[in-house]
Amino acid sequence: GNSVTQMEGPVTLSEEAFLTINCTYTATGYPSLFWYVQYPGEGLQLLLKATKADDKGSNKGFEATYRKETTSFHLEKGSVQVSDSAVYFCALSDYGNNRLAFGKGNQVVVIP
Amino acid sequence: DTAVSQTPKYLVTQMGNDKSIKCEQNLGHDTMYWYKQDSKKFLKIMFSYNNKELIINETVPNRFSPKSPDKAHLNLHINSLELGDSAVYFCASSHRSGGDGELFFGEGSRLTVL
């Protein structure tokens, strides 16, 4: 089945710093790719998505580009805020198994 | 108006007890899911129903039994609770199965087994 791999470990950075969270995937066919965000005490919510190669998803200052050649969908934000502190999950469609496949998530902590 | 609502939000119980978590969605979606999130935030799918039909049944102890009385509801019953069942359980729904649609999650039900 399809799967995603996220970089290990939490990410701690200062306000206004540049954020990158790496995500690579393994898939057959042409999956859709997603980033979900989980704020403290809440459920996951969709942050952005891309459905085909070279598509760029964007929302709330976050961006990710579907790179088929490197099988990646890295999440970036140019200037983070304290309110961006959350857990970020990369995911892709896994049609063969009828589900979204989620990565392990990355805790992001932004300090003032 | 909450889209995916689950109750209870918190549940503390003793080992060996039986408990249920309820989920309802008012989005008109056809597919509903149960996920388990452990203390490291790892998210694992447990079950999925499409129009009341079970379509995903992961390797989950048979102490866990989902029930979908209609496509707007998916409940989770857990028998003989164990310490390792402590986790946050999330209900979610989507317009269709297959993984190409957005999932809408509830706020989670934190289960603590003592």
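I'm trying to understand the selection: among the residues of the stretch A:34-44, which are within 7 Å of chain B (Cβ to nearest Cβ) and in a loop (DSSP other than H, G, I, E, B)?
A:GLU42, A:GLY43
Mind listing whichever residues of the stretch B:8-31 are over 18 Å from B:LEU83 (Cα atoms), at pLDDT 95 or above and surrounded by fewer than 16 Cβ atoms within 10 Å (Cβ to Cβ)?
The answer is B:PRO8, B:LYS9, B:ASN26.
Going through the stretch A:31-44 one residue at a time, which ones are surrounded by fewer than 20 Cβ atoms within 10 Å (Cβ to Cβ), at pLDDT 95 or above and out of contact with any helix residue (DSSP H, G or I) (no Cβ under 9 Å at 6 or more places or on another chain)?
None; the set is empty.
Considering the stretch B:29-42 alone, what residues qualify as being under 12 Å from the mean Cα position of the chain (by Cα), within 9 Å of chain A (Cβ to nearest Cβ) and either aromatic (Phe, Trp, Tyr) or part of a loop (DSSP other than H, G, I, E, B) (or both)?
Within the stretch B:29-42, B:TYR33, B:TYR35 meet the criteria.
If you check B:ALA92, B:ALA87, B:ALA72, which single one turns out to be at the interface with chain A (Cβ under 8 Å from one of its Cβ atoms), of a type in the set (A, V, I, L, M) and touching a residue at least 12 places away in the same chain (Cβ under 8 Å)? Break it down stepwise before answering.
Working: B:ALA87 fails: at the interface with chain A (Cβ under 8 Å from one of its Cβ atoms); B:ALA72 fails: at the interface with chain A (Cβ under 8 Å from one of its Cβ atoms).
Going through B:ALA92, B:ALA87, B:ALA72 in turn, just one is at the interface with chain A (Cβ under 8 Å from one of its Cβ atoms), of a type in the set (A, V, I, L, M) and touching a residue at least 12 places away in the same chain (Cβ under 8 Å): B:ALA92.
Quick one: count up the residues across the stretch A:57-112 that are hydrophobic (A, V, I, L, M, F, W, C), crowded, with 18+ Cβ neighbours inside 10 Å and within 14 Å of another protein chain (Cβ to nearest Cβ).
10
Residue-by-condition table, conditions (1) in contact with a His (Cβ under 9 Å, 6 or more places away or on another chain); (2) assigned to a strand (DSSP E or B); (3) of a type in the set (A, V, I, L, M, F, W, C); (4) within 12 Å of chain A (Cβ to nearest Cβ):
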| site | (1), (2), (3), (4) |
| --- | --- |
| B:LYS44 | no, yes, no, yes |
| B:LEU54 | no, yes, yes, yes |
| B:SER65 | yes, yes, no, no |
| B:GLY101 | yes, no, no, yes |
| B:GLU107 | no, no, no, yes |
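Just to be sure before I move on: is A:LYS60 at pLDDT below 95 and among the charged types (D, E, K, R) in the structure I sent?
Taking the combined requirement at face value, the residue does not satisfy it.
Do we have A:LEU47 as modelled with pLDDT of 95 or more, in a strand (DSSP E or B) and either charged (D, E, K, R) or within 30 Å of B:THR7 (Cβ to Cβ) (or both) here?
It is true that A:LEU47 is modelled with pLDDT of 95 or more, in a strand (DSSP E or B) and either charged (D, E, K, R) or within 30 Å of B:THR7 (Cβ to Cβ) (or both).
The values are calculated or read from the model by the stated rules, or taken from the named source; none is laboratory data. Since we're looking at a predicted model, the values are computed, not measured. Here the Cβ is made from the backbone with ideal geometry for all residues, glycine too, and neighbour counts use every protein chain on show.
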